Amino acid sequence: MSGGGELRRTAPLRSSSPTARAKVSPPAKSASKLEREAADRAAEREAKRLVRARSGGRCEVCGIAAATNFSHRKGAGQGGEWSAANGLDACGWGNTLGCHGRIHQRPEEAREHGWMLRRNQVPEEEPVDHAWLGRVLLTSDGMVIPAD
Ligand SMILES: [Zn+2]
């Protein structure tokens, strides 16, 4: 269809109207985002430090192997935070190796032991079977409380 092609203006240009000087603010700096990311990194460092101090470098799941990484009880995708209550110092890595792998491969077992939590669970309130401390509650400041 090639008809017309006539452009119609529905409203006249108002070239005579005073130019309202819109105050143009500079592009929003992403300072808040940077601050948030920095805070996240600081929380991660602190949680890892507290968990490593709690574990003494031994896997808190098996109690045998050297701990190599922070295993989230409630994952970031479930709203889990970087907190000593939400983490275990675990051996292995990722989804296959060591206790970290075991947790991911056997979620039902991991939930029974409190090594893995569901979205609606609060880490500070859910007991965990700790390799040598028994059934305990983990606190966000890196301490443990007997759960029974
Ligand atoms: Zn282990």
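The values are calculated or read from the model by the stated rules, or taken from the named source; none is laboratory data. Fair warning: this is a prediction, and the values are worked out from it, not measured in the lab. Positions of Cβ are generated from backbone atoms using ideal geometry, with glycine treated the same way; all protein chains shown enter the neighbour counts. In case anyone asks, the SASA skips ligands and DNA or RNA and just uses the protein heavy atoms, side chains included. Shrake-Rupley method; radii C 1.70, N 1.55, O 1.52, S 1.80 Å.
Along the charge dipole of the stretch 93-148, pointing to its positive end and built from +1/-1 on Cβ of Lys, Arg, Asp and Glu, which listed residue (P127, Q105, L117) has its Cα farthest out?
Farthest towards the positive pole: Q105.
In terms of modelled amide H atoms, which long-range or inter-chain residues lie less than 5 Å from the amide H of K74?
Correct list: L117.
Quantify, in whole percent, the carbon and sulfur part of the accessible surface of the stretch 42-102 (1.4 Å probe; protein heavy atoms only).
Working: 1500 of 2740 Å².
Ligands and nucleic acids excluded, carbon and sulfur reach 55 percent.
³J(HN,Hα) across the stretch 44-58 via Karplus (A = 6.51, B = -1.76, C = 1.60, θ = phi - 60°), whole Hz, x for Gly/Pro?
Each residue of the stretch 44-58 in turn: 5, 4, 5, 5, 5, 5, 5, 5, 5, 5, 5, 7, x, x, 9 Hz.
Please give the solvent-accessible surface of I64 in Å², to the nearest 10, using a probe radius of 1.4 Å with every protein chain present.
140 Å²
Just to confirm my numbers, what's the Cα centroid distance between the stretch 89-148 and the stretch 47-66 in Å?
Distance between centres, Cα-based: 12 Å.
Compute the signed sum of charges (Lys and Arg +1, Asp and Glu -1) over the other residues within less than 14 Å, Cβ to Cβ, of P107. Numbers along the way, then the final one.
Working: positive: R73, K74, R102, R106, R111, R118, R119; negative: E108, E109, E112.
Cβ neighbours under 14 Å give a net charge of +4.
Please give the net charge around A147, taking every other residue with its beta carbon less than 12 angstrom from that of A147, where Lys and Arg add +1 and Asp and Glu add -1. Numbers along the way, then the final one.
Values: positive: R135; negative: E124, E125, E126, D129, D148.
Around A147, the charge tally is -4.
Net charge within 14 Å of G98 by Cβ-Cβ distance, Lys/Arg positive one each and Asp/Glu negative one each, not counting G98 itself?
Numbers: positive: R58, R102, R106; negative: E60, D89.
That sum, taken over residues with Cβ under 14 Å, equals +1.
Express the accessible area of the stretch 47-128 per residue in Å², computed with a 1.4 Å probe while the remaining protein chains stay in the model.
Numbers: 4020 Å² over 82 residues.
For the stretch 47-128, the per-residue accessible area is 49 Å².
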